[in-house]
Amino acid sequence: MRHRRIGSTELVASEVGLAVWPLIAGPEARPDEDVADLLGSALDLGIGYFAATDTDDDGRAERLLGAAVGARRDEVTVATSFGYDTTPRLWEPTPSAPRHDWSPQFAGRALDASLRRLRLEPIDLWLLHHPGMDAIESDELFEFLEAQVEKGKIRHYGVALGPGPGWGDEGAAAIQERQVAAVERTIEDPATETSDATPTPAIVLVFAGIVLMAALPPIHRVHVYHRSYHRSDWL
């Protein structure tokens with residue numbers, strides 16, 4: 001398995017990585033034992049980049065990933081995300097649009113929760129999950145991110161783009177104005193998908209050429225699955 005350095009950072013990762021979130025959330029989510037076996041096999045094959053999310057199924061991807069990596073921490077680069085607020089609201093049981101919170105207060109709580117689930121401090125790459133320009137332009141947020149690097153809670157930060165919310169201009173601004181460590185972009189063509197198709201996303205880290213592969217099941221609108229927030233016209 002060939003490896004690359006991520007941008008100008010010291011992080012090194014395999015050219016093929018594994019996205020954990022399609023394995024744990026959505027209508028075809030796998031049980032814990034199956035996910036643990038898959039993660040163990042990926043590690044044995046030399047895969048050294050794993051991407052989780054903090055909100056899908058209440059952080060289940062982070063818990064299972066942290067347990068799988070364990071003593072092999074030095075062999076892998078671990079990424080996870082933040083930004084989606086999935087706090088239940090009785091008056092809004094099924095949100096129809098993404099709901100973000102980019103305040104440093106919310107980000108701080110999200111980071112501490114991810115660290116508790118992963119048990120792999122520091123997080124190698126912490127990604128803003130589908131940021132809009134309001135997030136990219138927030139000096140307060142990026143000052144907070146720099147502070148977390150200085151504290152040793154994260155090594156680097158980047159952005160995970162759409163499609164949908166946080167797609168084009170956000171990535172360019174993150175690179176040019178914020179000098180983020182990595183930009184993750186999902187490569188999918190919704191126009192080629194049919195209602196019964198099962199798309200397979202290729203998630204490419206722009207600064208490293210890492211491709212994350214994971215079969216993505218058909219989408220159903222489930223509150224705990226971050227893709228359930230997206231517009232149905234590109235799902």
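Numbers below:
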read-out	value
In segment 1-51, trypsin sites (Lys or Arg not before Pro) in a DSSP loop with at most 15 other beta-carbon atoms within 10 Å	Arg2
Low-density loop positions, GluC sites (Glu not before Pro), segment 1-80 - DSSP coil, at most 13 other Cβ in 10 Å	Glu10, Glu28
Cα-centre dipole for segment 1-58 with unit charges at Cβ (Lys and Arg positive, Asp and Glu negative), debye to 20	540
Compactness of segment 75-144 - radius of gyration and Dmax, Cα, Å	13.4, 45
DSSP-loop trypsin sites (Lys or Arg not before Pro) across segment 29-87, with at most 16 other Cβ within 10 angstrom	none
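Quick note: the coordinates plus some simple rules give every number you see, no bench work behind them. All figures in this text were calculated on a predicted structure; none of them were measured in a lab. When we count neighbours, we look across all protein chains shown, and the Cβ atoms used for this are built from the backbone with ideal geometry, even at glycine.
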